[in-house]
Amino acid sequence: MLRGRELWLAALAAIAITIIYGIVVFLSRGIPAASDLFGHSLGIFGFILMLMTETLYSLRKRARSARWGRMSSWLQFHIFTGLVGPYMVLLHTSWKFNGLAGVTMLFTVIIVISGFIGRYIYTRVPRTLDGTVIEGAVPEEILRRTRRLMALWHTIHIPIGMALFTAAFIHIGAALYYATLLK
Ligand code: HEM
Ligand code: HEM
């Protein structure tokens, strides 16, 4: 199921984005500002990918009877957008991390690190393509412990996401008001 293909694809996408970023830096002879066309676009597209990360997998997970796509594919897509989105947002910051926007970036980094921890726990037990744990494949005790660990991880990962999106919406509102509309 999760064999790391999504990590390779995310790395390839990050390399492509880095090349484009490099070309822009070279042509404009400077770091793109968060509020100019390129920097702004990075922030907006990155944020859209992050919003998709936050919502799509959860929606699919709660619609178990639905036939659209396997759970494992949705989780792979979750991880892909959960890495590429934050990377674009990182390039959007123009390497300045002041105030609430800086805090939003910090939350973003934390949720990505937390995601890797979750992925590690998740992949420790064998699952079907639909994400269901294959009973009997490992000793019962390991299953029970993994389930408890995963539940604990959820209680940490989900509030971080909420704090992140609250901060992000305030940043976006303030940035649009002060840096875009008042210009
Ligand atoms: C999670 C998503 C986002 C994060 C983590 C983030 C983070 C940041 C950071 C760290 C800065 C630099 C602040 C500084 O100067 O120290 C910044 C600037 C800015 N961001 Fe974002 N951003 C995000 C999404 C967005 C989106 C979606 C928009 C637009 C709709 C946006 C608009 C801006 C603007 C206009 C600035 C420049 C502000 C100025 O020049 O004073 N950001 N952002
Ligand atoms: C913008 C970044 C991210 C956000 C906002 C985010 C958000 C979420 C949310 C809300 C859930 C709960 C889904 C549910 O049970 O309904 C979740 C689960 C999960 N996420 Fe992320 N995530 C992000 C990045 C990542 C990354 C980078 C990885 C892996 C490297 C990852 C791996 C996981 C895993 C393994 C689960 C658990 C799946 C399950 O229990 O069914 N996430 N994430």
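Using only Cα atoms, find the angle between the long axis of helix 71-92 and the longest principal axis of the chain, and express it within 0 to 90 degrees, rounded to the nearest 10.
For helix 71-92, the angle is close to 20 degrees.
Taking the Cα-to-Cβ direction at A151 and at R3 and moving 7 Å from each Cα, how far apart do the two end points lie in nm?
3.3 nm
In nm, give the distance between the simple-model label positions of S65 and F97, each being 7 Å from the Cα along the Cα-to-Cβ direction.
Going from the S65 label point to the F97 one covers 4.7 nm.
What angle, in degrees between 0 and 90 and rounded to the nearest 10, separates the Cα long axis of helix 5-28 from the longest principal axis of the Cα atoms of the chain?
With both axes taken from Cα atoms, the answer is about 0 degrees.
When a/c reaches 1.5 or more, the comparison of a/b and b/c decides; with that in mind, is segment 75-119 rounded, prolate or oblate per its Cα gyration tensor? Spell out each step's value before the answer.
Numbers: a/c = 3.50, a/b = 1.79, b/c = 1.96.
The shape class here is oblate.
Taking 8 Å as the Cα distance limit and 6 or more residues as the minimum spacing, I'd like the relative contact order of the chain as a percentage. Mind showing how you got there, number by number?
Numbers: 154 pairs, mean separation 44.7, N = 183.
RCO, the chain: 24 percent.
Given segment 81-183, report the % of alpha carbon pairs whose separation exceeds 24 Å.
Working: 2128 of 5253 pairs.
That tail contains 41 percent of the Cα-Cα pairs.
Can you show me the helix-derived [θ] at 222 nm for the chain, built from DSSP H runs with n ≥ 4 at -39,500 (n - 2.57) apiece and divided by the number of residues, rounded to the nearest 500.
On the way: 5 runs with 132 residues, N = 183.
That comes out to -25500 deg cm²/dmol.
What residues have an amide H closer than 5 Å to that of G131, excluding those fewer than 5 places away on the same chain, when H is modeled at 1.01 Å from N in the peptide plane?
Correct list: S72.
With angles folded into 0 to 90 degrees, how steeply does helix 37-62 sit against the dominant principal axis of the chain? Use alpha carbons for both and round to 10.
That helix lies at roughly 20 degrees to the long axis.
By the scheme Lys and Arg +1, Asp and Glu -1, what is the net charge of all other residues having a beta-carbon under 10 Å from that of T81? Mind showing how you got there, number by number?
Numbers: positive: none; negative: E6, E54.
Its environment carries a net charge of -2.
Sorted by mean Cβ packing within 10 Å, highest first, what order do the peptides 80-93, 97-110 take? Don't skip to the answer; put the middle values down first.
Values: 80-93: 21.7, 97-110: 15.9.
So the order, starting with the most tightly packed, is 80-93, 97-110.
Read the figures in this text as sums done on the coordinates, not as results from a lab. Note that the coordinates shown come from a computational prediction; the quantities given were computed from them, not determined experimentally. Please note: Cβ atoms are built from the backbone with ideal geometry, for glycine as well, and neighbour counts cover all protein chains shown.
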